[in-house]
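Student: Pasting a structure below so you can have a look.
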Amino acid sequence: MDVPIFQPELETLPRPELEALQRERLQERFGVAHEALPELPFRVKSDLRDAYPFGLLRVPLAECIRIHASSGTRGKATIVAYTRNDVAMWADCCARAISAAGGGPGTVVHVAYGYGLFTGGLGIHYGAERLGCTVVPASGGNTPRQAQLLEDLAAEILCCTPSYALAIADHVSEPARLGLRAGIFGAEPWTDELREAIEHALDLAALDHYGLSEIVGPGVSFECLEGRRGAHVNEDHFLVEVVDPQSGVPLPDGEVGELVFTTLTKEALPLLRYRTGDLASLTREPCPCGRTFARMSRVVGRTDDMLIIRGVNVFPSEIERALLAIPELAPHYQLVVERPGHLDQLTVQAELRDGEQGGERLEAFIEERLGRALGLTARVDVLRAGGVPRSEGKALRVLDRRS
Ligand code: DLL
């Protein structure tokens, strides 16, 4: 496979040079020596909330050309701002990702991430323009029309949340009639099992894409077509650490912990050691694509989305993996947690594939499977095809009705 690299002089920089560049930028931006980093305090989301809206800006607001906000699904939204240089750097980061998905000048890129305060739409859009692609700014919503546009305009790359990719696929009868080659999917957790389901439903290579508004938006890390085992962190702009979520002590490569980022080039809203709440591991092993940037694993969970059900720790991703291994089920589900009396009750709402038969035997079988995978009793409701609500952006997987 020969996929061009957008900025090879940076993306394939030998690691000693890359690390020297990081040290230099850390010193220049924050006056901090790299060795001193593990001793420094963390920044957290509440620092941004407390400084709402512009308390952490390091430049006058008049020098900012763009405002975005985090989706605010976990409390009040946080405001982020970008200088002109920040927007240009961000576009480069997203252009790298699109290039790694096989995009280039003239590639039709369909962006179905939401446009607006959410960073997904405009972030990827600027990256695609930077690369010289032909961008279809579809945004979210009107799903049947999305499917029609994909076919009519022959987009080769689809960008949206993985759950929305599946919702679009509901309206595609013959995936092979679309010209899709790759998908850039992120903004929410997903598993390799869901990757397979999407690849099958849309006949494309599905790539993971990670980012968060506080750091920049999309473009923090991206998978390449050749590797497809972890997302390259744009390490010339974002220094990444993985720390023990309890003690805050940095962990070695390969161990799962909380991702912490330091922005090395951002002007408007630089952040030193920002704790993301996202759990993943890192590897610096070489990748067949030639990029030297460290790769992060999939986000396996969040420090705050672990469900504690009757004392048992459960990550929604474990349930996703168990459900998607059952051939009768479609890749849509929702988890409902209630406390009808004194005890928590988890109900897993799964969905039948078109043409499959449900019934009590299937439900009992799934309950048994989940029991073995999670060490926990869950009630299972198998809904007819189309029964689980579809999302247009980030899927709402968990309805916690306990409080
Ligand atoms: O979701 C930015 C983005 C847009 C990323 C488009 C990728 C594609 P926020 O709304 O601030 O920003 O949400 C950030 O979403 O801390 C993770 O918990 C989660 N997240 C983002 N990408 C992934 C991913 C955007 N690939 C929060 N896998 C992050 C798992 C992800 N979780």
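Student: Using the charge dipole of the stretch 1-40 (Lys, Arg: +1 at Cβ; Asp, Glu: -1 at Cβ; taken about the Cα centre), state which of Gln22, Leu10, Leu40 has its Cα farthest towards the positive end.
Tutor: So the residue furthest toward the plus end is Leu40.
Student: Dipole magnitude of the stretch 121-278 about its Cα centre, charges +1 at Lys/Arg Cβ and -1 at Asp/Glu Cβ only, in debye to the nearest 20? Mind showing how you got there, number by number?
Tutor: Details: 10 positive and 25 negative charges, 88 e Å.
The dipole magnitude comes to about 420 debye.
Student: Can you give the net charge of the other residues whose Cβ lies under 11 Å from the Cβ of Thr83, counting K and R as +1 and D and E as -1?
Tutor: Overall, the nearby charge balance is +1.
Student: In percent, how large is the relative contact order of the stretch 266-403, given Cα pairs closer than 8 Å and 6 or more residues apart? Provide the component values of the computation, followed by the final result.
Tutor: Details: 200 pairs, mean separation 28.4, N = 138.
It rounds to 21 percent for the stretch 266-403.
Student: Can you give the calculated 222 nm mean residue ellipticity of the chain, where each DSSP H run of n ≥ 4 adds -39,500 (n - 2.57) and the sum is split over every residue, rounded to the nearest 500 deg cm²/dmol? Don't skip to the answer; put the middle values down first.
Tutor: Details: 10 runs with 110 residues, N = 403.
Mean residue ellipticity, 222 nm, calculated: -8500 deg cm²/dmol.
Student: Could you check which residue among Ala378, Ala364, Ala101 shows the biggest mean-square fluctuation in a GNM of the chain with a 10 Å Cα cutoff?
Tutor: Result for the chain, Cα springs under 10 Å: Ala364 fluctuates most.
Student: Leaving ligands, DNA and RNA out of it, rank Asp152, Asp344, Asp381, Asp354 by accessible area with a 1.4 Å probe, largest first.
Tutor: Working: Asp152 100, Asp344 15, Asp381 45, Asp354 140 Å².
In descending accessible area the options line up as Asp354, Asp152, Asp381, Asp344.
Student: Hey, another quick one. What residue among Gly371, Gly123, Gly359 has the largest mean-square fluctuation in a Gaussian network model of the chain, using Cα springs under 10 Å?
Tutor: For the chain, modelled as a Gaussian network with Cα springs under 10 Å, the answer is Gly359.
Student: Further question: As I understand it, the dipole of the stretch 148-274 uses +1 on the Cβ of Lys and Arg and -1 on the Cβ of Asp and Glu, about the Cα centre. Which of Pro250, His232, Gly219 lies farthest toward its positive end?
Tutor: Gly219
Student: In percent, how large is the relative contact order of the stretch 262-314, given Cα pairs closer than 8 Å and 6 or more residues apart?
Tutor: On the way: 50 pairs, mean separation 14.7, N = 53.
It comes to 28 percent, rounded to a whole number.
Student: Further question on the same structure: Mind putting a number on the dipole of the chain about its Cα centre? Charges go on the C-beta only, +1 for Lys and Arg and -1 for Asp and Glu, and I need it in Debye to the nearest 20.
Tutor: Details: 42 positive and 57 negative charges, 184 e Å.
Once rounded to the nearest 20, the dipole reads 880 debye.
Student: Heavy-atom accessible area per residue, the stretch 1-112, 1.4 Å probe: how many Å²?
Tutor: Working: 5510 Å² over 112 residues.
For the stretch 1-112, the solvent-accessible area averages 49 Å² per residue.
Student: Please label the shape of the stretch 294-385 as rounded, prolate or oblate, based on the square roots a ≥ b ≥ c of the eigenvalues of the alpha-carbon gyration tensor (a/c under 1.5 means rounded; beyond that, a/b larger than b/c means prolate, else oblate). Before the final figure, lay out each step's value.
Tutor: Details: a/c = 2.09, a/b = 1.18, b/c = 1.77.
Oblate is the answer for the stretch 294-385, as a/c is 1.5 or above yet b/c matches or exceeds a/b.
Student: A follow-up question, please. Using +1 at the C-beta of Lys and Arg and -1 at the C-beta of Asp and Glu, which of Ala155, Val382, Phe365 has the Cα lying farthest in the positive direction of the dipole of the chain?
Tutor: The listed residue farthest towards the positive side: Val382.
Student: Hey, can you rank 129-135, 166-172 by average C-beta count inside 10 Å, highest first? Could you put the intermediate results ahead of the total?
Tutor: Numbers: 129-135: 18.9, 166-172: 20.4.
So the peptides 129-135, 166-172, ranked by packing, come out 166-172, 129-135.
Student: Given +1 on the Cβ of Lys and Arg, -1 on the Cβ of Asp and Glu, and no further charges, what dipole in debye does the stretch 232-354 carry about its Cα centre, rounded to the nearest 20? Spell out each step's value before the answer.
Tutor: Values: 12 positive and 19 negative charges, 24 e Å.
Its charge dipole is roughly 120 debye.
Student: Then there is this: Compute the accessible area per residue over the stretch 266-403, keeping the other protein chains in place, probe 1.4 Å, unit Å².
Tutor: Details: 6580 Å² over 138 residues.
Here the per-residue accessible area is 48 Å².
Student: Let me ask something else. Give the calculated FRET efficiency between Glu9 and Arg229 to the nearest 0.05, with a Förster radius of 22 Å applied to their Cβ-Cβ distance. The partial results should precede the final answer.
Tutor: Values: r = 24 Å, r/R0 = 1.11.
Once rounded, the FRET efficiency stands at 0.35.
Student: What number comes out for accessible area per residue over the stretch 138-236 if the probe is 1.4 Å? Units Å², please. Walk me through the numbers before you get to the answer.
Tutor: Details: 3090 Å² over 99 residues.
I get 31 Å² per residue for the stretch 138-236.
Student: Per residue of the stretch 187-192, in order, report the coupling 6.51 cos²θ - 1.76 cosθ + 1.60 (Karplus, θ = phi - 60°) as ³J(HN,Hα) in whole Hz, putting x for Gly and Pro.
Tutor: 6, 8, x, 7, 10, 5
Student: Leaving ligands, DNA and RNA out of it, report the carbon-plus-sulfur percent of the accessible area of the chain at a 1.4 Å probe. Numbers along the way, then the final one.
Tutor: Details: 8620 of 17150 Å².
Using a 1.4 Å probe with all protein chains present, the chain comes out at 50 percent carbon and sulfur.
Student: With springs only between Cα atoms under 10 Å apart, run a GNM on the chain and tell me which of Arg339, Arg25, Arg49 wobbles the most.
Tutor: Looking only at Arg339, Arg25, Arg49, the biggest GNM fluctuation is shown by Arg339.
The values are calculated or read from the model by the stated rules, or taken from the named source; none is laboratory data. Bear in mind that the values here come from a model prediction, so they are computed numbers and not experimental data. Positions of Cβ are backbone-derived with ideal geometry, glycine not excepted, and every protein chain shown enters the neighbour counts. Quick note on the areas: whole protein, heavy atoms, side chains included, nothing else; ligands and nucleic acids left out. Shrake-Rupley method; radii C 1.70, N 1.55, O 1.52, S 1.80 Å.
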